[in-house]
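Peer 1: Here it is, the structure in full.
The values are calculated or read from the model by the stated rules, or taken from the named source; none is laboratory data. No experiment lies behind these values; they were computed from the predicted model shown. Cβ atoms come from the backbone with ideal geometry, glycine included; neighbour counts cover every protein chain shown.
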Amino acid sequence: MSVKTLTATEARTKFLNLIKASDQSLDRFVITVQGVPKAVLLSYEDFMELEEELEILAQNPNFFEDRKRAHQEYKKGETVILEELSKEFT
């Protein structure tokens, strides 16, 4: 999988090939207009996976806050070994 950038004109002339490439090799294409990114072409499979991830994130609005706090705790050494935690709940 790779991300490639091309102009809208290039995308127009290679459209069917880009669809095949996104489907077969999971390549993603950033399409620009006058050098500014305006659209992305990706496989339907990639799109559905992103939709699923967004749905999961929407169910936990504090996800990014929680992740940041967990990372800070990890950096401080405030961790628990899974086996020790399991003993507390069994």
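Peer 1: Checking Ile19 against (1) out of contact with any Lys or Arg (no Cβ under 7 Å at 6 or more places or on another chain); (2) in contact (Cβ under 8 Å) with a residue 24 or more places away in the chain; (3) surrounded by 13 or more Cβ atoms within 10 Å (Cβ to Cβ), only one condition comes out false. Which one?
Peer 2: (2)
Peer 1: Residue by residue through segment 29-47, note down the ones that are among the small types (Gly, Ala, Ser) and in a strand (DSSP E or B).
Peer 2: Listed by number, the list holds a single entry, Ala39.
Peer 1: Going by the conditions given, is Leu16 among the aliphatic types (A, V, I, L, M), part of a helix (DSSP H, G or I) and at pLDDT 95 or above?
Peer 2: yes
Peer 1: Now, a different point. Name the single residue that is nearest to the chain's Cα centre (by Cα) among those in segment 20-35 being closer than 16 Å to Val3 by Cβ and among the β-branched types (Val, Ile, Thr).
Peer 2: Among them, the one singled out is Val30.
Peer 1: Of all residues in segment 63-79, which are among the polar types (S, T, N, Q) and either modelled with pLDDT of 90 or more or touching a Lys or Arg at 6+ places or on another chain (Cβ under 8 Å) (or both)?
Peer 2: Residues of segment 63-79 that are among the polar types (S, T, N, Q), as a first pass: 72, 79.
If the condition is that a residue be among the polar types (S, T, N, Q) and either modelled with pLDDT of 90 or more or touching a Lys or Arg at 6+ places or on another chain (Cβ under 8 Å) (or both), then Gln72 is the only one that fits.
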